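The values are calculated or read from the model by the stated rules, or taken from the named source; none is laboratory data. Quick caveat, the model's predicted, so the values are computed rather than measured. Cβ sites come from the backbone with ideal geometry, for glycine too, and all protein chains shown count toward neighbours.
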Amino acid sequence: MRYVDVVLDLKSEYTDTLFTYAAPDEIRVGDKVTVPFGTRRRPVDGYVAAVDTVPAVDVSRVREVLTVDTKRSLTAEMMETAAWMVHRYGVKRIDAVRLFTVAGKRERGERTFTAADQTAPAYELSAEQQEAARRIIGAVHSHRSHAFLIKGVTNSGKTEVYLQAVREALAMGRTAIVLVPEIALAAQTERRFKERFGEDAVAVLHSKLTTSAKLEEWRKLRDGTARIAVGARTAVFAPLDNIGVIVIDEEHETTYKSDHNPKFETVDVAYKRAQAHDAVLVLGSATPSIVSYERACTGIYELIEMNERVGPSRMPRVEIVDMGNEVRSGNTTLISGPLRDAVAETLSRGEQVILFLNRRGFSTQVVCPDCGERILCEDCGIALTYHKSENAMVCHYCGRHRPVPAKCPACGFAPLKFVGAGTEKIEETIAGLFPDATVARFDLDTAKSQREIDRVISSFTSGRTDILVGTQILAKGLDFRNVGLVGVIMADITLNLPDYRASERAFQLITQVSGRAGRTSGDSRVLIQTYVPDDAVIRAAAEGDYEGFFSDESLHRKIMNYPPYSDIIAVSFIDKKGSDNDPSVVMKYAKDFRRRLLAMREAPRDAVLFEPREDVIKSGRDRNRVTFLIKAPKGSRAGYVKAYADYRDSMMSVKAPCHIEIDINPY
C-alpha cells in the first residue's frame, strides 16, 4: 500500500486541489481511478498526480482508491504537462488534465502497430526540401529536443518535409503529432498521411467529432494501434508516448490560441511536450508569427528557409488596385474595373478564381437612416449582420438569429438601411456580373459541418465551381491547382482592427490567400484592392517582403513593449451566476487585486497596469464584468500568475460573489 495525490474530476472551484488516498503498490502517475469523496454516494473519477506522498492527516483517516482503469489512464508526462499548464496559464488542474482525456464509455479491442504499417515509398525532393529534411531528420536521430521554424513560401513543399520527418520517426519506433489550424484542413491532411502511411497508422482528433468517434480515435492512439495523430489544436494533447516529431503547420494562425477556458497556446504546449520526449518540434509557415520569427532570430528555434516553389509552380504577379481612383471614376461598387476584367480573362482561359473578403454576411450593419440607430445584439451588444439568404440578422459572436424589424425600434422610422458588404453580397454581385460562371461561397455560414466543407472543397478542386468567394478560411493552407486569379477585396479591413497584431494579421492574410494562385504552370495574378495603396504593410505583402515587414513591426513592438517583448495579461472579475450584485461590488475586487499587484515586492518597475473598466456579459441574465490589462515585462509572467492563483484562493475562502479569470496574450 502506498499513498497518492489525486486530481478529482469535479467542476467545482473548491475541489481544485490535490486529495490524498491509499492505493495499491502498482499504482502509477496518470492512472485513472475512482475514489470515495465526502458524503457522495457514488465514487468520483480522478487521476493520480503523484505517488509516495506523505499524508497531511493521520493515516487512519485516509480513504482508499476503489478502482483503477488502465485503459483510460494517462502517462506521467501528460500529468506533468497538465501541472505545467496550471502554473503557466493559471488554469484549473482538472481542466488541464481533461484536455488529455475523452468522454464516452465504449471500449474496443487492442491491436498493436506493425512494422508493415510504417513502410512508405521514397519521393523525389527539391534541393530545398532535401536540405530541410536532412536537418530535421538529423535532429530526430539525435534523440534530443530541438525546434525548427520552416519559413517557406506557399507551395514550397513543406508538407512533404513533414511527411519525411514523420516517416523517420515511425521507422525508429516513435510516434508523431501533426497539427493544422482549421478542422476544415484536417480531412485534407488526414488523406495525405493515410495515403503515405496507411489507414491504420493515423488517428484524427478535433472538436467536431462525435463522442464515440473521438473515443475510438483516442483509444487507437493510446493503445498503439495508430502512431500518428492529426488534427486541430486539441490534437496537441494526443495520448501518445515516445513522441518523436510534433508538426504545427501554418503556425502563425490565431486559431492555435484557445480563447475559451482552459486558455492556452498550442505552440507552447507542443514545445513543452517535445522537451519531455526529447522530440523534434517543426513549425511551418510562409508568414511566421512575429513571436516565432523573433525566437528564430534569437536561437530558440533553428530557422530553415524554403524560398522556391516546387515543380512548375511559379509565384503569381501581384498588383495593387487603388479603390480611390475607382470612386473618382464613378465606380462605387466593391468590384474594381481591373478585377472585373481580370476575372473575365481568367475564366476565358479555363482557370478558376478566388475572391477574398474577410467579412461574411450580406450587409455588415442594419441602421436607421433617420436617427442613426444601429441594431445591436441584445445579448452581446455588437452590431448584427444581415444575411439575405436567411432574411435574418445574425450575431457573429453568439450566433443568434433575429428577424429584421419593420421599423426602427428607437424612432419608428421605416425602412431600415443595410450598410456595408460581406461575402454573401459579393457572391450575389459576382454571379450577376458573370452569369455563365458557377459561383460558390466558403465561409462559416456555408462550412458548418465537415460534409459541407468537403462538398465546397471538392466542387472547387474538381473544377465544377469557377469562382469561389470566401473569408479567411481560404487562406489556411488549402491546395487548389487551377487558380489563375486571386482578388483581395477591401484589404484595409484587418488593418483597422483595434488590436496591436492588426498589421501582422493583415500581412499574413494577404500573403496567404495570394499563395492560393499559381500552383500549376503558367502565369497567375493577384489583385489587391485597397483605399490605402501606399500603406507599408500592404506594400510589403504585395512584394512578398517578409523580412522588411518583420523589421518594421518588430521595432514598433519593441518601442511599445508589446509581445514578444512583454506579455499582455487580461484580468477579469465576473459576477457568479444567479447573483444580483451592484457593479461596484465587482469593481471593488478588481481594484483591490490591482492594488496588491502594484504593491508586490517583486513587481517589475516597468510593468504597466491599466485601470479597470466595467462591462456587461449579456447572456440570459446580465452579469457584471470588470477587466484590466497588465503589460508584463518578459520574465515576470510567472509572478503574476502566482499572484492570480493566490487571490483566487482568497476569494474562494470568503465565498466572494464574483470569480476571477486571466487570459495571457489574448486575441
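Data overview
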read-out	value
Criterion (in contact (Cβ under 8 Å) with a residue 24 or more places away in the chain, under 30 Å from A570 (Cα atoms) and buried (at least 20 other Cβ atoms within 10 Å of the Cβ)) met by exactly one of A49, A23, A83	A49
Residues that are of a type in the set (D, E, K, R) and not in a strand (DSSP E or B), drawn from the range 232-254	R233, D241, E250, E251, E253
Count of residues meeting criterion [more than 15 Å from V180 (Cβ to Cβ) and in contact (Cβ under 8 Å) with a residue 60 or more places away in the chain] in the range 201-216	6
Flag if A229 is surrounded by 24 or more Cβ atoms within 10 Å (Cβ to Cβ) and not in a loop (DSSP other than H, G, I, E, B)	yes
Qualifying strands (runs of 3 or more DSSP E) (wholly inside the range 515-618; at least 1 residues being under 27 Å from N307 (Cα atoms))	525-530
Whichever residue in the range 424-452 is among the aliphatic types (A, V, I, L, M) and either touching a strand residue (DSSP E or B) at 6+ places or on another chain (Cβ under 8 Å) or at pLDDT 85 or above (or both) and, among such residues, is surrounded by the most Cβ atoms within 10 Å (Cβ to Cβ)	I426
Hits in the range 474-515 (condition: at pLDDT below 90, under 20 Å from the mean Cα position of the chain (by Cα) and crowded, with 21+ Cβ neighbours inside 10 Å)	L474, A475, G477, L478, T494
Sole residue being basic (K, R), over 30 Å from A643 (Cα atoms), in contact with a strand residue (DSSP E or B) (Cβ under 6 Å, 6 or more places away or on another chain) and modelled with pLDDT of 90 or more, chosen from R539, R525	R525
Test for N261: is it closer than 20 Å to R88 by Cα, of a type outside the set (V, I, T) and over 11 Å from the mean Cα position of the chain (by Cα)	yes
Complete set of residues in the range 620-667 that are under 23 Å from S258 (Cα atoms) and assigned to a helix (DSSP H, G or I)	R637, A638, G639, Y640, V641, K642, A643, Y644, A645, R648
Answer from L416, L357, L384, L334 - the residue that is surrounded by 21 or more Cβ atoms within 10 Å (Cβ to Cβ), assigned by TED's automatic domain parsing to the domain that holds F507, modelled with pLDDT under 95 and of a type outside the set (F, W, Y)	L357
Cβ-Cβ under 7 Å pairs, at least 6 apart or on other chains, the range 421-444 side not assigned by TED's automatic domain parsing to the domain that holds Q352, far side among the acidic types (D, E) and surrounded by fewer than 17 Cβ atoms within 10 Å (Cβ to Cβ)	none
Filtered residues of the range 285-335 (kept if of a type outside the set (V, I, T), more than 26 Å from S566 (Cβ to Cβ) and under 27 Å from the mean Cα position of the chain (by Cα))	A286, E305, M306, N307, R309
Within the range 523-543, tally of residues that are surrounded by fewer than 20 Cβ atoms within 10 Å (Cβ to Cβ) and touching a residue at least 40 places away in the same chain (Cβ under 8 Å)	7
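For (1) at pLDDT 95 or above; (2) closer than 24 Å to Y293 by Cα, each residue gets a yes or a no:
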site: A139; (1), (2): yes, yes
site: F148; (1), (2): yes, yes
site: K151; (1), (2): yes, yes
site: G157; (1), (2): no, yes
site: V161; (1), (2): yes, yes
site: E168; (1), (2): yes, no
site: M172; (1), (2): yes, no
site: I183; (1), (2): no, no
